[in-house]
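The structure appears right after this line, and notes come after that.
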Amino acid sequence: MSTPSPIARLLPPSTLAGLANLELVARAAVEGFLIGLHRSPRFGFSQEFKEYRAYVEGDDPRFVDWNVYARTDRAYIKRYEGETNTRLMVVLDASASMGYGSHAVSKLQYAKFLAAALAYLASRQHDPAGLLVFDTQLRQYRPPTARAGSLLGLLHAIDAVTVGGPTDIEKSFHGMREHLSRRGLVAVISDLYCDPDALLRAVQPLAVHGHDIMLLQVLDPQEVNPQWRDATLFQDMETQERANVSGEFLRERYRQRLDAHIADLRRTAANAGAQYMQVSTDEPLDHALRRYLLFREGRH
Amino acid sequence: MLTPWFLVGLLAIGLPWWLHRLARSETTPQAFPSLMLLERSDLRDTRKRQLRYLALLALRIALLIAIVLAFAQLQWVTKIPAALASQARMHVIVLDTSLSMRAGTRWQQAKEKATQLIDAARAGDQLLLISASGRKVQVLAGPVAGIERARVRSAVATLAPGPERLDLGLAMASIKTWQTQQQLPMELHVISDMQASGSPLQFADLEPPAGAKLLLHAVQDDSTANAAITSVELSGGERRSLTVSMHGYGGPVAGIIAMTVDDRELGKQAVQWQSDGTASATFADLKLAPGSHRLHAQLQVNDALNDDNHYYAVVEHTDPRVLLIARNPQADEVAYLAAAIESLAAPRLVVTRVMPDQLSAHTLAEYAAVVVADSGVLSEAMAERLSKQAASGSALFVTLGPQAVRVGADPITGMKVRELGGAMRIGAVDDSHPILREPEAWRGVRFFKRMHVTPAEGDRSLLRFEDGAPLLIERSFEAGRVLLMAAPLDREWNDLAVHPLFVRFIAETARYLTGDDAAAASAQIDGTVATGVPAGAAGQIFDPQGKRVSGLAGREDATHLSPQQTGFYEVRSANHSRFIAANVDTRESDLTPLAPDLVQKWQALEKPSVAVAANATGAQYRDSPNPRDRFTQDLGPLLLILAVLLALTELLVANYRLQVVRDA
């Protein structure tokens with residue numbers, strides 16, 4: 001039996017939760033799954049050259065093609081296939097329900113790991129990455145940028161996110177539209193406790209606008225397979241409403257309801273032109289990233 | 001069921017029932033991200049929870065039932081077979097627990113005999129165990145059915161002889177007073193060493209209770225040789241030597257007598273026994289400092305009893321002082337009084353003369369007696385102080401004089417005083433009083449002027465004039481006393497001061513006032529002794545081990561003490577502290593048993609009773625509706641043990657169950 005690499009040992013969510021530095025978490029997760037791939041990934045962002053465009057102020061000088069500049073005395077920026085999708089915008093759900101966790105890692109914490117890992121991936125590709133945080137409404141916006149040092153700022157912003165109030169996905173997404181004027185990849189990380197129709201109304205305008213939308217539903221293992229066997233009094237973390245639920249429902253019918261809800265979400269995502277992926281907070285982060293990558297590869 | 005009202009406590013079972021229901025309905029809510037996918041349930045799934053708590057509920061209910069039944073004094077009643085009931089007897093076992101039972105193997109024999117008797121009792125018999133020593137004749141166990149003999153046997157096992165003396169007559173009289181409506185024929189077993197010194201003055205006092213069959217069980221061994229210290233006395237005019245008296249019983253035993261004064265060893269001497277079995281040892285040339293001293297004589301000898309080899313005594317070695325209060329210390333009257341008091345050889349008294357205004361500089365408790373020449377010179381405050389001092393146990397000798405006549409009353413006793421004219425002689429003398437031993441001589445004293453005082457009820461007039469007017473009055477002041485002379489010792493008033501009687505009278509008065517202390521300094525075990533603490537005054541008594549003990553009338557009373565162990569008891573009161581020596585009764589030291597013929601006579605003293613004599617076969621007992629045809633066993637202790645076990649189990653189960661709930 002081979003000994004797992006030091007990085008691999010860091011990847012279980014409970015271990016990552018012990019790391020105070022989110023950058024280290026992201027790096028460990030990304031490097032870990034890169035090692036597992038044994039080849040150069042594309043991450044869903046195309047590396048194929050497409051065209052040149054004139055350099056404008058604000059562009060990263062690293063992407064200037066100096067050969068062309070030497071020949072033509074004009075600065076051009078290399079553009080690649082799919083570059084229109086490379087603007088990564090992480091949309092992070094920070095509603096109260098994301099604070100739930102039946103083990104060491106809450107859903108929000110896991111979502112932050114995912115967001116940080118995606119941002120780190122984008123950074124490796126020199127792609128701009130931004131952040132949108134919402135609950136009842138849009139709470140925080142950090143525009144996408146690929147400048148040197150922006151990753152650290154983004155990771156700090158992700159790290160500082162805390163749980164807020166109830167979820168209103170339709171209103172929140174409505175507020176995001178003005179910040180998502182340029183097309184790109186929108187990674188929505190949420191537990192998606194919302195009406196699928198509302199989700200459709202929220203996501204569809206973005207898809208129509210040309211955004212590549214990825215819905216990552218983060219669920220706790222206790223939500224997927226509840227361990228309560230007896231009648232239990234539950235309290236909604238967002239509305240504080242209480243309900244007594246029979247053990248028989250928890251053991252049998254709850255799972256049916258959840259599966260139906262997930263099926264609705266998948267259908268809604270397909271109708272809206274988005275992709276859907278479910279992640280459990282006890283799943284190692286590199287596994288989740290690998291699934292994500294395979295998912296993206298299937299699309300491209 | 002002795003106290004069925006406690007069964008009302010069974011209603012408390014409803015409490016855990018209600019709490020369990022409450023626990024089911026009021027559970028702590030579990031946080032969940034969203035109720036969106038959950039379905040409310042009106043019918044709660046409590047079946048499993050009920051099952052889960054069922055054991056806990058059952059334990060709690062069982063615990064309450066056990067406690068309630070224990071307090072209700074639940075009893076287990078077993079019917080005794082009729083054949084056994086008809087032959088039933090009441091076995092009264094009297095165990096001698098006096099000091100002499102400590103000798104040799106007597107106590108061991110007594111316990112074995114008692115155990116044999118207890119074991120021999122049949123299931124339908126009744127057992128009653130009584131211990132007898134000193135004034136304490138008490139029931140230790142029973143009456144219980146023979147089948148419950150274990151309780152009586154354990155009482156015997158924990159019993160031990162004490163330091164008291166047993167008077168067999170007193171013991172039998174006490175047992176007779178306890179004889180109630182016995183429906184069973186009684187067998188009275190007396191287990192004793194049958195000391196001859198324990199026999200009563202009247203042989204008839206040994207008579208057993210009516211109808212009782214007396215069975216004497218003598219426990220004796222060869223350890224009859226015993227020696228004891230009978231007294232320790234200060235002797236000699238100057239009280240400078242100690243004499244220890246001893247007595248040997250059953251033959252001389254070689255030994256050494258050691259004397260300790262105030263925990264300091266004074267010396268040792270070999271005991272020289274006389275032919276009559278007595279011995280004495282003298283420790284001379286004592287250098288005792290003034291004050292109270294604790295003497296402990298110890299006879300170091302190998303004999304049957306150890307407790308009587310110790311003797312404790314308290315002696316006062318001091319030159320008592322007398323305070324003489326007079327307006328003019330140089331007056332003739334004062335000179336006469338002082339000279340007469342100081343003429344006493346034993347005790348040698350020292351007179352301190354003070355004027356009234358100097359009284360505040362003196363502590364009255366330091367003086368054995370106080371003499372006031374003409375009490376009219378005292379202020380109210382002075383008189384009150386002297387009265388309080390008398391009440392606390394001191395003695396006062398007061399003469400009246402012209403000042404008292406002027407004031408019109410004696411400020412100490414409050415008696416009205418007025419002057420009477422006309423010469424007169426003494427008419428009546430109370431010659432029973434120790435200071436008035438020469439009644440004829442008093443009739444020769446001439447009184448030229450007189451005073452009239454009115455004694456109060458309870459006052460004792462020791463001297464009276466020919467017309468009956470009192471001259472010398474004694475009044476008790478709680479623990480102390482006051483002698484009032486209704487005349488000055490002035491030659492202008494009478495010729496008492498120049499009469500040959502005078503010196504002896506004053507000297508005897510001084511001895512009487514100083515020598516006879518209100519409280520004794522020694523006592524015998526189980527006796528009663530006055531401690532000198534006035535009634536109502538604060539006082540504490542500590543036993544030889546330093547533990548506080550109660551007086552005869554309770555913890556707050558320290559006026560009298562009944563010592564229960566040998567050694568020095570300390571009595572502390574507001575004014576002073578004193579010791580009382582407690583010793584065993586030396587009559588217990590003589591281990592000689594009663595003569596066999598006397599024992600036989602005692603055995604023959606059976607007195608048939610009207611009721612029980614006709615009931616020798618137990619027929620009356622059998623025919624009567626007698627509760628003793630069954631025996632009851634109190635289940636209270638068993639139920640309490642069960643309650644404790646249930647409580648522990650409940651703790652464990654509750655802890656386990658609640659832990660599961662928390663984890664869920």
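The values are calculated or read from the model by the stated rules, or taken from the named source; none is laboratory data. This structure is a prediction, so every number in the text was calculated from the model and none was measured. Reconstructed Cβ throughout: ideal geometry from the backbone, glycine too, with neighbour counts over all protein chains shown. Protein only, heavy atoms only, side chains kept; ligands, DNA and RNA dropped before computing areas. Shrake-Rupley method; radii C 1.70, N 1.55, O 1.52, S 1.80 Å.
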Subset of the range A:240-252 [open to solvent by less than 80 Å² (accessible area, probe 1.4 Å) and facing another protein chain (nearest Cβ under 7 Å)]: A:243, A:244, A:245, A:246, A:247, A:248, A:249
Tell me yes or no: at least one residue of the range A:259-277 is over 20 Å from residue A:137 (Cα atoms), open to solvent by 50 Å² or more (accessible area, probe 1.4 Å), free of Cβ contacts under 8 Å to residues at least 40 places away in the same chain and under 17 Å from the mean Cα position of the chain (by Cα). yes
Residues to consider are B:379, B:375, B:387; find the one that is among the polar types (S, T, N, Q) and open to solvent by 30 Å² or more (accessible area, probe 1.4 Å). B:379
Among the residues listed as B:275, B:245, the single one being under 30 Å from residue B:598 (Cα atoms) and hydroxyl-bearing (Ser, Thr, Tyr): B:275
Look at the range A:142-174 and say how many of its residues are open to solvent by 20 Å² or more (accessible area, probe 1.4 Å) and closer than 30 Å to residue B:36 by Cα. 12
Give the number of residues within the range A:253-267 that are within 15 Å of residue B:36 (Cβ to Cβ), more than 7 Å from chain B (Cβ to nearest Cβ) and in contact with a Pro (Cβ under 9 Å, 6 or more places away or on another chain). 3
Just one of the numbered conditions (1) at pLDDT 90 or above; (2) open to solvent by less than 40 Å² (accessible area, probe 1.4 Å); (3) in a loop (DSSP other than H, G, I, E, B); (4) not polar (S, T, N, Q) is not true of residue B:411; which one? (2)
Kindly indicate whether residue B:369 is under 30 Å from residue B:523 (Cβ atoms), of a type outside the set (Phe, Trp, Tyr), in contact (Cβ under 8 Å) with a residue 40 or more places away in the chain and open to solvent by less than 40 Å² (accessible area, probe 1.4 Å). yes
Does residue B:264 satisfy being open to solvent by 40 Å² or more (accessible area, probe 1.4 Å), in contact with a helix residue (DSSP H, G or I) (Cβ under 9 Å, 6 or more places away or on another chain) and over 27 Å from residue B:587 (Cβ atoms)? no
Could you check, for the range B:442-460, whether at least one of its residues is assigned to a loop (DSSP other than H, G, I, E, B), touching a residue at least 60 places away in the same chain (Cβ under 8 Å) and out of contact with any Cys (no Cβ under 7 Å at 6 or more places or on another chain)? no
Yes/no for residue B:64 being modelled with pLDDT of 85 or more, in contact with a Leu (Cβ under 9 Å, 6 or more places away or on another chain), surrounded by 17 or more Cβ atoms within 10 Å (Cβ to Cβ) and away from chain A (no Cβ under 14 Å): yes
Over the range A:177-197, the set of residues over 18 Å from residue A:277 (Cβ atoms) and of a type in the set (D, E, K, R) is A:177, A:178, A:182, A:183, A:195, A:197
Just one listed residue, out of B:40, B:24, is modelled with pLDDT of 75 or more, more than 60 Å from the chain's Cα centre (by Cα) and within 14 Å of another protein chain (Cβ to nearest Cβ), and it is B:40
What are the residues in the range B:346-366 that are touching a Ser or Thr at 6+ places or on another chain (Cβ under 8 Å) and either surrounded by fewer than 21 Cβ atoms within 10 Å (Cβ to Cβ) or modelled with pLDDT of 90 or more (or both), if any? B:347, B:356, B:362, B:364, B:365
With respect to residue B:85, is the statement that it is buried (at least 16 other Cβ atoms within 10 Å of the Cβ), away from chain A (no Cβ under 14 Å), modelled with pLDDT under 75 and not in a loop (DSSP other than H, G, I, E, B) true? yes
For residue A:220: the one exception among (1) within 10 Å of chain B (Cβ to nearest Cβ); (2) more than 19 Å from residue A:93 (Cα to Cα); (3) surrounded by 21 or more Cβ atoms within 10 Å (Cβ to Cβ): (2)
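Tell me whether the range B:460-467 contains one or more residues that are under 28 Å from residue B:424 (Cβ atoms), open to solvent by less than 10 Å² (accessible area, probe 1.4 Å) and more than 37 Å from the chain's Cα centre (by Cα). Don't jump to the end; show me each part of the working.
Start the filter on the range B:460-467 by keeping residues that are under 28 Å from residue B:424 (Cβ atoms), which leaves B:460-467.
When the remaining residues are screened for being open to solvent by less than 10 Å² (accessible area, probe 1.4 Å), the result is B:462-463, B:465.
Next, from what is left, pick out any that are more than 37 Å from the chain's Cα centre (by Cα): B:463, B:465.
Yes, there is a match, as at least one residue in the range B:460-467 is under 28 Å from residue B:424 (Cβ atoms), open to solvent by less than 10 Å² (accessible area, probe 1.4 Å) and more than 37 Å from the chain's Cα centre (by Cα).
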If we scan the range A:191-214, do we find a residue that is away from chain B (no Cβ under 14 Å), open to solvent by 50 Å² or more (accessible area, probe 1.4 Å) and among the small types (Gly, Ala, Ser)? no
